[in-house]
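Novice: Below is one structure. I have some questions about it.
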Amino acid sequence: MVYCMTSVFYALAQGNLEATLALAQPDRVIAAEKAHTPSRILEALAEDESFYVRIRVALNPNTPVKALRALARNPETLYGVARNPSTPRDILVSCVEGKESTRVQLAKNTEVPLDLLEQLVKDESHNVRFAVMESDRSSADMAKIAYYLEVEHDTLTEGFAVMVLSKGIKISSTELSALVALFGPKVAEAVFNHSDFSRGSILARQLQEYGFAKSENVPQR
């Protein structure tokens, strides 16, 4: 293995295309994901016979746009291109209409434009909406849209409820109470820390059952 790793790094350091393409598949995978791999080698690896090599190229932020466009035309590697922060906007726009797996990766892209993220939060797929909520860039407005879609589709989960509440959306005490009744302690803690939680409400007494004091800022155990 030491010899193989040395061969990979030597080939890349020399910028030797032929030597890189002659490597075994595991070594070509390494070459495909390295940040310092020369552009012309990444372009060649984008046409590799191995899916595992091509998908690493699709995910590599240093992959040339020309190669990303070629990889985007292949359904097998499109989801990798969707996740790549260097992918041009026009390709990302097309990914919005892609398969669920592609849309999930698009939602996880740290550089996806906010207007596309706003489209994805209304996606028919719970998995896509969840991926949007995991993004640090999702706003309270997005969280509110996502929350009501989860309720509408009857796909709301404990994890999604906690995540949405952490975004600080405006929600009624009745709805907060329903979430606590439905999911229990973890959601109770999120509700306790929510800006709309009134410590003088019936909800406060409900939270006491899970060990959350009305007048404290921390849960009592």
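Novice: With SER139, SER166, SER177 as the choices, which residue is of a type in the set (Gly, Ala, Ser), over 25 Å from the mean Cα position of the chain (by Cα) and over 17 Å from TYR79 (Cα atoms)?
Specialist: Numbers: SER139 fails: over 25 Å from the mean Cα position of the chain (by Cα); SER166 fails: over 25 Å from the mean Cα position of the chain (by Cα).
None of the others qualify; the one that does is SER177.
Novice: Which ones in segment 87-136 are within 10 Å of the chain's Cα centre (by Cα), over 21 Å from LEU165 (Cβ atoms) and of a type in the set (A, V, I, L, M, F, W, C)?
Specialist: VAL104, LEU106, listed by residue number.
Novice: Here's a follow-up. Identify all residues within segment 171-207 that are of a type in the set (Val, Ile, Thr) and modelled with pLDDT of 80 or more; write none if there are none. I'd like the intermediate steps shown before the answer.
Specialist: First, the residues of segment 171-207 that are of a type in the set (Val, Ile, Thr): 171, 174, 180, 187, 191, 202.
ILE171, THR174, VAL180, VAL187, VAL191, listed by residue number.
Novice: Let me ask something else. Step by step: first the residues of segment 145-174, then only those that are acidic (Asp, Glu) and within 21 Å of LEU203 (Cβ to Cβ), then the one that is surrounded by the fewest Cβ atoms within 10 Å (Cβ to Cβ). Which residue is that?
Specialist: Result: GLU158.
Novice: Let me ask something else. Report every pair of residues separated by at least 6 positions or lying on different chains whose Cβ atoms are under 6 Å apart, first residue within segment 130-156 and at pLDDT below 90, second part of a helix (DSSP H, G or I).
Specialist: Qualifying pairs under 6 Å: SER138/VAL132.
Novice: Hey, another quick one. Please verify whether segment 43-54 includes one or more residues that are surrounded by fewer than 22 Cβ atoms within 10 Å (Cβ to Cβ) and of a type in the set (S, T, N, Q).
Specialist: Yes - at least one qualifying residue is present in segment 43-54.
Novice: Something else now. I'd like to know if segment 111-119 contains one or more residues that are over 30 Å from LEU207 (Cβ atoms), assigned to a helix (DSSP H, G or I) and free of Cβ contacts under 8 Å to residues at least 12 places away in the same chain. Walk me through how you get there before you give the answer.
Specialist: Initial filter on segment 111-119 (over 30 Å from LEU207 (Cβ atoms)): 111-119.
If we keep only those that are assigned to a helix (DSSP H, G or I) as well, we get 114-119.
If we keep only those that are free of Cβ contacts under 8 Å to residues at least 12 places away in the same chain as well, we get 115.
Yes; the residues of segment 111-119 include at least one that is over 30 Å from LEU207 (Cβ atoms), assigned to a helix (DSSP H, G or I) and free of Cβ contacts under 8 Å to residues at least 12 places away in the same chain.
Novice: Now for a separate question. Considering only residues that are in a loop (DSSP other than H, G, I, E, B) and in contact with a helix residue (DSSP H, G or I) (Cβ under 7 Å, 6 or more places away or on another chain), look in segment 39-50 and name the one that is nearest to PRO64 (Cα to Cα).
Specialist: From segment 39-50, those in a loop (DSSP other than H, G, I, E, B) are 46-50; that's our starting set.
Right, trim to in contact with a helix residue (DSSP H, G or I) (Cβ under 7 Å, 6 or more places away or on another chain) and you get 46, 48, 50.
Working: ALA46: 10, ASP48: 15, SER50: 19 Å.
Ranking the candidates gives ALA46 first.
Novice: Within segment 158-192, take every residue that is among the small types (Gly, Ala, Ser) and touching an Asp or Glu at 6+ places or on another chain (Cβ under 9 Å) and give me the one that is farthest from ALA131 (Cα to Cα). Let's see the steps before the verdict.
Specialist: Of the residues in segment 158-192, the ones among the small types (Gly, Ala, Ser) are 159, 161, 166, 168, 172-173, 177-178, 181, 184, 188, 190.
Okay, now just the ones that are also touching an Asp or Glu at 6+ places or on another chain (Cβ under 9 Å), so 161, 168, 172-173, 184, 188.
Numbers: ALA161: 13, GLY168: 17, SER172: 25, SER173: 27, GLY184: 23, ALA188: 23 Å.
The selected residue is SER173.
Novice: Okay, next question. Across segment 55-92, what is the number of residues that are crowded, with 16+ Cβ neighbours inside 10 Å and either in a helix (DSSP H, G or I) or touching a strand residue (DSSP E or B) at 6+ places or on another chain (Cβ under 7 Å) (or both)?
Specialist: Total satisfying the criteria: 19.
The values are calculated or read from the model by the stated rules, or taken from the named source; none is laboratory data. The structure presented is a predicted model; accordingly, all values stated were derived computationally and were not measured. Positions of Cβ are generated from backbone atoms using ideal geometry, with glycine treated the same way; all protein chains shown enter the neighbour counts.
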